[in-house]
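Right, one structure below, let's go through it.
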Amino acid sequence: MNLKITLKFIWLFTLVLLLGGCQSTYQSAPAPEIYLTEVKEMVYEPDVIGIQSMIETYDTYTSSIHYPVFGYQNIDELIYDFIQNRHELFRQELAEVIEANESKWPLELHMEYEIVYQTPRHAAILFKERKHLGSAQPSVNTFTFNFNFDTDKQLTLADLFENNAGYLQIISEISYDLLTESDLIPSAVDLNWVKGGLSPHEKNYSNFLMKAKTLVILFNKYQLGPAFIGTPSIEIPYESLNAYLPLKESLLNNFNGKIPKLSSDPLSSIDLEVANVDPEETETTPDSFYKKRIAITFDDGPHPIYTPIIVDTLKSYDAKATFFFLGNRIGDYPDVARHVRFEGHMIGNHSFSHPQLSRMSTEEILNEVVKTQNIIENATGFSPFLMRPPFGAINDVVMTTTDMPMVLWSIDSEDWIYNDPDYIVNYVLDHAFDGAIIRLHDTLPNTTQAIGPLVDGLISAGYELVTVDELLGITKESAANNLRSFTRALK
Ligand code: ZN
């Protein structure tokens, strides 16, 4: 059954509501302006199962929110509502910051998730939210969800037990023993603080993950002691719980059984050699030497539906493009990434989960970049040497840490704002120039529709569509000598 639910959320309404009263503060402000002016409609498509990404850029904030869709209606709606609520809360908090009017714009909401454990009937998910609302340090929150696919419902801790009378008392006592026996709680910590944080109340055990043989419990900052103990977590074996209170056998059975990995064989049967275009052949024809060149680039993919359509369209025009992929999305759609490379397009690194890298530490930046390099390499056999920083957010730390040339753009199609494919086509054709880098997104239906007429128009205008490395004259070997950003200065 193909179920389609339209979930509407009224952007304009909430923006006007939240920010409308703050207009007067803009007069002396650096420049925060809200320019989103349309009502957006989000369509839930359960046939697209896997990671979903909502990425937005405004003058006042950026958001990158990733969440999974499993194809179970209640579970998917629950996750979606959760995401919307966090987003809305952030925008309310943002409205207050805008009123206070002192910050490094744009501020940021970043949410990523990890499916910590999954079987055909069960999933345990950890969301990590990171908010920059003007203070020096981001605020970091974690949220957990455990789902039963048989019932299409979220699991509570009490669901684990046959008869759950007194279950929190048992968990509390076991947690106390585990924590005090471990080195997670140094002896200097006041044990009354620990006991308070472990008292048998639901709120103290709201973050948990049900894995195969253990229950993981995550504690918040300050829950068990001062800041320096951080956010400890413990694993309680089901066996030790079962000794006190019988657990539901039927549920434990759900925690067993492996789900097949999306793509176990990274290079499969595709001969990647075909992807290597012989540079000499294309360079020496006088025809291409005199041609104007332009590079189309796509961000935020791969997308399981739109990216393959775009690649097919490009193929029909014999055009090449550059795809800056997100590591966390390739994790779900590695075959799409492999296909893009197979068709001879360039693949670049767009980070793992689309944060503003310029707000991150060296270690955090490296984690985003290196993880993505490895994922791309595993999926496609190709190791990228070009980087597009999310939101174009770069500073010296980002530049020196990533060790790759930063490819920005000269023409931003703003395809994520304008739903009309004709508008995108006309805007880009009107602004096209020799040597330009065009920024699009292969995650959007409007862009997918626009790409045919756009490529057609550019070719008719005399452009050759090349990959961005070809446009900039960067090779894998020369990339290390080009550690800078390529921007409008190209003009
Ligand atoms: Zn992006």
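Between residue 153 and residue 235, what's the calculated FRET efficiency when r is the beta-carbon distance and R0 is 22 Å? Round to 0.05.
Working: r = 24 Å, r/R0 = 1.09.
E(calc), rounded to 0.05, equals 0.35.
Can you sort 433, 391 by how many other beta carbons sit within 10 Å, fewest first?
On the way: 433 12, 391 19.
Result, fewest neighbours first: 433, 391.
Taking the mean number of other Cβ atoms within 10 Å as a proxy for protection, how do you rank 119-132, 244-257 from highest to lowest?
Details: 119-132: 19.9, 244-257: 14.6.
Answer by packing, highest mean first, reads 119-132, 244-257.
Between residue 104 and residue 82, how high is the FRET efficiency from 1/(1 + (r/R0)^6) when r is the Cβ-Cβ distance and R₀ = 25 Å? Nearest 0.05.
Numbers: r = 28 Å, r/R0 = 1.12.
For residue 104 and residue 82, the calculated efficiency is 0.35.
Determine the sum of side-chain charges near residue 93: Lys and Arg each +1, Asp and Glu each -1, restricted to other residues whose C-beta is under 14 angstrom from that of residue 93. Numbers along the way, then the final one.
Values: positive: 86, 91, 130, 131; negative: 88, 96, 99, 108, 129.
In short, -1.
For residue 315, project a label point 7 Å along Cα to C-beta. Then give me every residue of segment 424-453 with its amide nitrogen under 16 Å of that point.
452
For Cα pairs less than 8 Å apart in space and 6+ apart in sequence, what is the mean separation divided by the residue count of segment 272-486, i.e. the relative contact order in percent? Let's see the in-between values first.
Details: 417 pairs, mean separation 63.3, N = 215.
Relative contact order comes out at 29 percent.
For 147, 325, which order do you get if you count the other beta carbons within 10 Å of each Cβ and list the fewest first? Write out the running numbers ahead of the final one.
Values: 147 26, 325 31.
Ordered by Cβ neighbours within 10 Å, fewest first: 147, 325.
What is the spin-label model distance, in nm, from residue 96 to residue 256 if the labels are put 7 Å beyond Cα along the C-beta direction?
Calculated label separation equals 4.9 nm.
Say R0 is 41 Å: what FRET efficiency, to the nearest 0.05, do residue 188 and residue 480 get from their beta-carbon distance? Don't skip to the answer; put the middle values down first.
On the way: r = 48 Å, r/R0 = 1.16.
Computed FRET efficiency for residue 188 and residue 480: 0.30.
Each value in this text was obtained by applying a stated rule to the coordinates, not by laboratory testing. Bear in mind that the values here come from a model prediction, so they are computed numbers and not experimental data. Counting neighbours? That spans all protein chains shown, and the Cβs are built from the backbone with ideal geometry, glycine included.
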